[in-house]
Every structure is written in C-alpha cells, then in structure tokens.
C-alpha cells in the first residue's frame, strides 16, 4: 500500500513515508527532468536513493527481528540454566559451608545477565579445580550437564549483543541517509516550484504534497459522506462532482501514516477492511475535495 503524503515537512517523515516519497521520485523523475532542468548530481540521487534507503531499512528490520529472537531465546535458555545452576550451587554450598571452601562472594548470584554468566562460570570452575571439593559421580554428572548449557547461554547472549550493535550501526546510517535525503528533497522541491507553482499536480508524481485548501473550492468535490461498513467492505455516497475517490486507512498502534488502500471510481473498497481508522475524499480535474469524517473499525468487526 502507498503512504499518503500530506505535507512537505521532510524532516517529519516517518521511515514509511520517506520510502513512499523516494519510490514515487525514482519512478517519475525522468518524466520531468528536462522540464525542471535538474542537475546530473540531483538526478542521480533521485534515481538511486530509493534502493539505498530501502536496503538500509529492510536490513534494519531483518536485524531487529534476529535481535529480538536472540533476546527471547536467551531469556528462555537462561531461565532453564539458572534453575539448575542455583540448585547445584545450593547443594554444593550446603555440603562445604563449614570447610572454608567458599567465601561470601560465592553465595550470592548477581543481578545483571553478564555478571550472572561470569559468576556461574567461575563457580563451576572453582568446584572442578578446588582440591577440597570431592567430585563424585553425581557432582560430575551435574557439571557435565551445566557446562554445555552455560556455553549455549553465553553464545546466544553474544549473538544477541552483536545483533544489537549491528542494529545501532544501521540506525545511525539510516539517520544520516535520512537527513541527507531531506536536504536533497528540499532542494528538488525548491527547484520544482521555480518552474511550476506549489499547486502543480505534477508535484504529486515526485512524492511532494500540494498545499491544503483553506476554503472550499466550488469546483472541487464536496465532503464525501455517509461512510458505512457492510460485510467488512467500506461504502460511501456518490458525489456528483467527483470523478474518482481516494480511500485511506491507518492503524495507530502500528503507524501514524495514512495508507492509500483504494483509488478509483467505485463507491466501495475492493478488499475487506481490517481493524483501524478510515476516511475518503473525492477527486476531479480541479483537485481533491475535503476528507470525510473518519470511521473506526475495531478488532470485533464493530463500527465505532
């Protein structure tokens, strides 16, 4: 779905809105390059910035998923490990509490993950190497069980930290790319309105927004009304001034951006709607009409 671009405050773009801008720009810039006398440098940027930004965001999302999976996994396996380790620690401490084998620092498990891992490793090594501790068959069996579990905890945590570091690096690269693209978008927009007006519809093809009307233009469509939902399909009333309609959706839990889910001359959405907020407006050769009032559809398929 395309993101609805509603303003030219480029630094306020979400990542999804920025991707939509750059996608439109890449697809349409050659159509207008000569008309606006764009420089070779700015044209090259317009043609390739979409792939660069999309690659970074896709990679960021991929690493974020892997990081989250690793941290979820470490939570699961460390819970199982430390349950067994604590039982082992308490058993050993109770056997040697009066023999000066362990000091006070050997009794209390730290609170942070990395300190807990190191504490467990040090404790097991002390049990294995201290000549005062008798390693019977049962104790050796528990140690043999704990060591590979500890290695898995350490390795999984290491992987999670690596993904976290990579995520941070990608986030910084995206921020740097985003800021540079914002400057280029501003330069290109300024160039466009030298040759066109701010109300030129061609701006929409390049990912820019037209100014919002401060009053109702009598030649544009009216306020589309009476949005209703029948069998999970949004319907609206016909506007005699509208030649087509634009239906948008957003789920505020996932994104603040409105997504365009339908553009055409039908009076209903072509797909079943999901939980979220919807509104529609008409369009003709003179521009867009005002938005309808929003309707909300909840997870129980109830209209609010």
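The values are calculated or read from the model by the stated rules, or taken from the named source; none is laboratory data. Here the structure is a predicted model, which means the values were calculated and not measured. When we count neighbours, we look across all protein chains shown, and the Cβ atoms used for this are built from the backbone with ideal geometry, even at glycine.
Quick grid of which residues meet (1) part of a loop (DSSP other than H, G, I, E, B); (2) surrounded by 12 or more Cβ atoms within 10 Å (Cβ to Cβ); (3) not assigned by TED's automatic domain parsing to the domain that holds residue 29:
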| site | (1), (2), (3) |
| --- | --- |
| 189 | no, yes, no |
| 199 | yes, no, no |
| 203 | no, yes, no |
| 223 | yes, yes, yes |
| 226 | yes, no, yes |
| 229 | no, yes, yes |
| 254 | yes, no, yes |
| 266 | yes, yes, yes |
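Quick check on my filter: what residues within the range 118-142 are free of Cβ contacts under 8 Å to residues at least 40 places away in the same chain, part of a helix (DSSP H, G or I) and under 22 Å from residue 108 (Cα atoms)?
118, 119, 120, 121, 122, 123, 124, 125, 126, 127, 128, 129
All but one of (1) touching a residue at least 24 places away in the same chain (Cβ under 8 Å); (2) loosely packed, with under 12 Cβ neighbours inside 10 Å; (3) part of a helix (DSSP H, G or I) hold for residue 35; state the number of the condition that does not hold.
So residue 35 meets the others, but not (3).
Has the range 180-192 got at least one residue that is under 21 Å from the mean Cα position of the chain (by Cα) and touching a residue at least 24 places away in the same chain (Cβ under 8 Å)?
yes
Might you check whether a residue that is more than 20 Å from the chain's Cα centre (by Cα) and without any contact (Cβ under 8 Å) to a residue 40 or more places away in the chain occurs anywhere in the range 281-291?
The answer is no; no qualifying residue exists.
If I go through the range 137-189 residue by residue, how many of them are closer than 30 Å to residue 45 by Cα and out of contact with any helix residue (DSSP H, G or I) (no Cβ under 7 Å at 6 or more places or on another chain)?
Total satisfying the criteria: 10.
When you check residue 294 against the structure, is it closer than 24 Å to residue 209 by Cα, at pLDDT below 90 and surrounded by fewer than 18 Cβ atoms within 10 Å (Cβ to Cβ), yes or no?
It is true that residue 294 is closer than 24 Å to residue 209 by Cα, at pLDDT below 90 and surrounded by fewer than 18 Cβ atoms within 10 Å (Cβ to Cβ).
Is it the case, given these coordinates, that residue 121 is more than 29 Å from residue 170 (Cβ to Cβ) and surrounded by 12 or more Cβ atoms within 10 Å (Cβ to Cβ)?
The answer is yes for residue 121.
What's the total number of residues in the range 70-102 that are under 28 Å from residue 167 (Cα atoms) and either in contact with a strand residue (DSSP E or B) (Cβ under 9 Å, 6 or more places away or on another chain) or exposed (fewer than 14 other Cβ atoms within 10 Å of the Cβ) (or both)?
The qualifying residues number 5.
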